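To keep things clear, I will list the structure first and then write my remarks on it.
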Amino acid sequence: MVSTTNAPTTALRVQARPAGFFVDVASVAQRAIRQIPREPEAVIPALIVPIFFYVLNIGALSKITHQAAGFSFKSFELPVAVVFAVTGVSRASALVTDIQNGYFDRLVITPVRRLPLLLGLMTADLTLVMALAIPVVVVGLALGVRFHAGVLGIILFVVLSGIWGLVFTGLPYAIALKTGNPGAVNASFILFFPITFLSTTFVPKPYLQGWLGTVANYNPMTYILQGLRSLIVGGGGIPGPLQSWNPAYLGQAVLAIAAFGAISLSLALLALRGRVRRS
C-alpha cells in the first residue's frame, strides 16, 4: 500500500506597489478627461451662455460708451465673458458620483497617493477651462477686440483665465468631499455671483460709488478683471489707452488669484483629508 502525503502549499500574496506621484496624477487626470466628452450637458452651456450674454450686452450697451474716447465696451466685457466660461466648471459632480457608488472608497484602499485624487481632477479641469476660454476669445477677436499685448498677451489672457477657473474649483470640490451631495455641489455655483457682480463687471472702477465701490475694492475679481483688461486695447477699466503689459495690473491679478486659491484649495485639501479618514 502506497501512502501519499499532501505537500504543504505556499500561498502567493500579490501586493500592489505604489507608482510615482506624477503617475498617480496622470492616471486620475486621464480618466477624468476621457469622461468629459460623455457629459456634453455640463460643457456646452458653459460655452454658449457666456457667448450669448457677451454678444447681447455689447449689442445693447456699446452705444452708451462710444462717447468715452479710447474706451471700447466690447473689449471691456470680453474678460467678463471668459470668466463666465471658466468659472464653476469642474469634475466635482463626477467626484460625488464616485463617492456615492463606492469608487472613491476603492481608490482609497489602493496604493495611490491621496493628493493626486484631487490634483488629477483639477488637471482635467484646467485642460477643460482653457479649452473653453479659447472660443470666447475667438468670438471677441471676430467682433473687433484687439490685444495690444500681441499674441503673447492672448496666451497670457487665456492662461490667467484658466488658472482663475482652476482655483475656483476648490470650492465645489470642498463641498463635494465634505457632503457627497450632488445638490450641494450644484448650488456651489451661487458663490460665483457675488464674487463676479460685486466688482467691475459692467462699470469701470472709478464710477462705482457707495457700498458697491467699497466691496469692489476688496473683491479679488475686480483685480482679476483689471489685469485681463490691461492686455486689451481700450479695456483696462478706465477710458483711454493703457500701457501694454502693465506690471501693476498684472501683478495685482496674480496676487488676487493666489489669495483666493490659498483659501479655496486649503478648504478642498481639508475636505479631502476628512473624506479619506471616513472612507
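Show the residue pairs meeting these rules: Cβ distance below 7 Å; 6+ apart or different chains; first residue within segment 110-129 and farther than 23 Å from V43 by Cβ; second residue among the aromatic types (F, W, Y).
R113/F21; P116/F21
Of all the residues that make up segment 164-191, how many are in a loop (DSSP other than H, G, I, E, B) and either without any contact (Cβ under 8 Å) to a residue 24 or more places away in the chain or surrounded by fewer than 18 Cβ atoms within 10 Å (Cβ to Cβ) (or both)?
The number of residues fulfilling the criteria is 1.
I need the full set of residues from segment 83-117 which are assigned to a helix (DSSP H, G or I), closer than 30 Å to T196 by Cα and of a type in the set (V, I, T), in order please.
Across segment 83-117, the qualifying residues are V83, V86, V96, T97.
With the condition kept exactly as written, say whether any residue in segment 192-203 is assigned to a helix (DSSP H, G or I) and over 16 Å from the mean Cα position of the chain (by Cα).
Looking for residues that are assigned to a helix (DSSP H, G or I) and over 16 Å from the mean Cα position of the chain (by Cα), one finds at least one in segment 192-203, hence yes.
So, of the residues in segment 251-265 that are in contact (Cβ under 8 Å) with a residue 60 or more places away in the chain and touching a Gly at 6+ places or on another chain (Cβ under 8 Å), which turns out to be nearest to P111 (Cα to Cα)?
By that ranking, first place goes to L265.
Being farther than 16 Å from S161 by Cβ, at pLDDT 90 or above and of a type in the set (G, A, S) is the filter here, so list the residues in segment 216-263 that pass it.
Answer for segment 216-263, where residues must be farther than 16 Å from S161 by Cβ, at pLDDT 90 or above and of a type in the set (G, A, S): A216, G251, A259, A262.
Which residue pairs have Cβ atoms under 7 Å apart, sit 6 or more places apart or on different chains, and have a first residue in segment 80-97 that is closer than 20 Å to L160 by Cα and a second that is in a loop (DSSP other than H, G, I, E, B)?
Note: pairs meeting the criteria are V80/T201; S90/T169.
Could you run through segment 204-230 and say how many residues are within 23 Å of V145 (Cβ to Cβ) and in a helix (DSSP H, G or I)?
The number of residues fulfilling the criteria is 12.
The values are calculated or read from the model by the stated rules, or taken from the named source; none is laboratory data. These numbers were taken from a predicted model, which means no experiment stands behind them. Cβ atoms come from the backbone with ideal geometry, glycine included; neighbour counts cover every protein chain shown.
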